[in-house]
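The values are calculated or read from the model by the stated rules, or taken from the named source; none is laboratory data. Being a predicted model, the structure only gives us computed values, none of them experimental. Using ideal geometry, Cβ is built from the backbone for each residue, glycine included, and neighbour counts are taken over all protein chains shown. Heavy atoms of the whole protein, side chains included, go into the accessibility calculation; ligands, DNA and RNA do not. Shrake-Rupley method; radii C 1.70, N 1.55, O 1.52, S 1.80 Å.
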Amino acid sequence: MSATVLTASALLLDMDGTLVNSDAVVERCWRRWAVKHGLDPEAALKVVHGRQGYATMAVLFPDRPVEENYADNRVMLAEETADVDGVVPIGGAPAFMAAIAGLPHALVTSADSALATARMGAAALPMPAVRVTAEQVGASKPDPEGFLKGAAELGFGAADCIVFEDSEAGIAAGRAAGMRVVGVGPRAAALAPDAHVEDLTQIRVEAAGDGTIRLHISEA
């Protein structure tokens with residue numbers, strides 16, 4: 001393993017696949033939806049991660065009216081919020097969240113507020129005071145809007161923020177926002193983030209004397 005040190009003023013954290021392992025729920029719900037709509041579930045699962053549901057549906061059915069996607073998305077969110085079976089923290093997430101508790105950070109997730117609350121609760125992780133959920137953005141990842149809003153709310157510029165992400169859409173959003181990206185987990189490995197870890201056990205957080213955050217990363 002090689003070691004990398006990244007310095008930032010604030011951290012912007014994706015939820016699913018980054019802090020919380022919700023793959024079991026996501027796969028159950030999206031497999032049902034794909035079969036119902038005559039799609040190959042495996043093909044559908046390749047594009048669901050990181051995006052809001054309606055945006056995934058738009059990729060899979062580019063000619064379908066957006067109103068249908070929004071309607072299906074509401075049903076999907078309700079199903080996912082009610083199903084927390086198998087939702088667990090990503091390795092190292094509890095210690096990582098404890099280490100950054102007093103430092104500038106925000107949750108930036110494609111989940112809505114109810115789903116984010118359900119999954120963070122199921123994983124027994126503290127909900128950040130600053131969070132940007134689906135209701136607060138007009139465009140889903142890979143659009144950078146969510147990350148830019150999180151940075152603005154924390155009071156920092158893009159260059160001062162580091163994004164933690166697991167998905168192609170999320171990493172693209174972080175890059176489009178002009179931020180450095182730490183990729184977490186297997187989906188991120190092939191996407192050339194600035195640093196990559198299998199899970200959060202490979203990160204040590206240091207609060208520097210000048211108010212900055214130093215991330216000591218043992219890369220996979």
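Taking the criterion of being free of Cβ contacts under 8 Å to residues at least 40 places away in the same chain and surrounded by 21 or more Cβ atoms within 10 Å (Cβ to Cβ), the residues of region 145-166 that qualify are 146, 148. Screening 113, 140 for residues that are at pLDDT below 95 and open to solvent by less than 60 Å² (accessible area, probe 1.4 Å) leaves exactly one candidate, 140. Is at least one residue of region 1-17 open to solvent by less than 20 Å² (accessible area, probe 1.4 Å), in a helix (DSSP H, G or I) and either out of contact with any Pro (no Cβ under 6 Å at 6 or more places or on another chain) or closer than 29 Å to residue 213 by Cα (or both)? Within region 1-17 (the criterion being open to solvent by less than 20 Å² (accessible area, probe 1.4 Å), in a helix (DSSP H, G or I) and either out of contact with any Pro (no Cβ under 6 Å at 6 or more places or on another chain) or closer than 29 Å to residue 213 by Cα (or both)), the answer is no, since none of the residues qualifies.
The set of residues from region 111-144 being outside any loop (DSSP other than H, G, I, E, B) and β-branched (Val, Ile, Thr) comprises 117, 132. When region 87-109 is filtered for residues that are within 18 Å of residue 185 (Cα to Cα) and open to solvent by less than 40 Å² (accessible area, probe 1.4 Å), the ones remaining, listed by number, are 87, 90, 91, 92, 93, 96, 97, 107, 108, 109.
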